[in-house]
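The values are calculated or read from the model by the stated rules, or taken from the named source; none is laboratory data. Because the structure is predicted, anything quoted here is derived from the model rather than measured. Please note: Cβ atoms are built from the backbone with ideal geometry, for glycine as well, and neighbour counts cover all protein chains shown.
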Amino acid sequence: MRRMGDKGVETAYDVLGVEPDASLDRIRYEYLRLAKDLHPDRHPGDATQAERFKEITSAFQTLRDPKQRRLHDQLHGLIPPDELQGGRKGVRF
């Protein structure tokens, strides 16, 4: 079952059916499982399945890269606000 993120927007985690704290191994496992079932070669001519395959591929590409995953998490409000504070502590501007 697909669900929506906290902001009512589907996240890459939702697309793959994993929790935001999932390990990369778990994310890869779910991607490969879904890709096997949704691959266009298994459903020739089915545009819906082809679109879903593209969604899971995009989600996996986002989550497998640490920088993209962190940006994704920031954009979807999955990182606590206190962790969003960049820079050095004690530096004044």
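Only a single criterion out of (1) more than 15 Å from Tyr13 (Cβ to Cβ); (2) assigned to a helix (DSSP H, G or I) is not satisfied by Pro44, namely (2). Among all residue pairs at least 6 apart or on different chains, which show Cβ distances below 7 Å where the first residue, located in the range 14-28, is without any contact (Cβ under 8 Å) to a residue 24 or more places away in the chain and assigned to a helix (DSSP H, G or I) and the second is hydrophobic (A, V, I, L, M, F, W, C) and surrounded by 17 or more Cβ atoms within 10 Å (Cβ to Cβ)? Pairs that qualify, where the first residue is without any contact (Cβ under 8 Å) to a residue 24 or more places away in the chain and assigned to a helix (DSSP H, G or I) and the partner is hydrophobic (A, V, I, L, M, F, W, C) and surrounded by 17 or more Cβ atoms within 10 Å (Cβ to Cβ), are Arg26/Val18.
Have a look at Leu32, Leu16 and point out the one that is at pLDDT 95 or above and either loosely packed, with under 15 Cβ neighbours inside 10 Å or on the phi > 0 side of the Ramachandran plot (or both). Spell out the reasoning first.
On the way: Leu16 fails: either loosely packed, with under 15 Cβ neighbours inside 10 Å or on the phi > 0 side of the Ramachandran plot (or both).
Unique residue meeting the criteria: Leu32.
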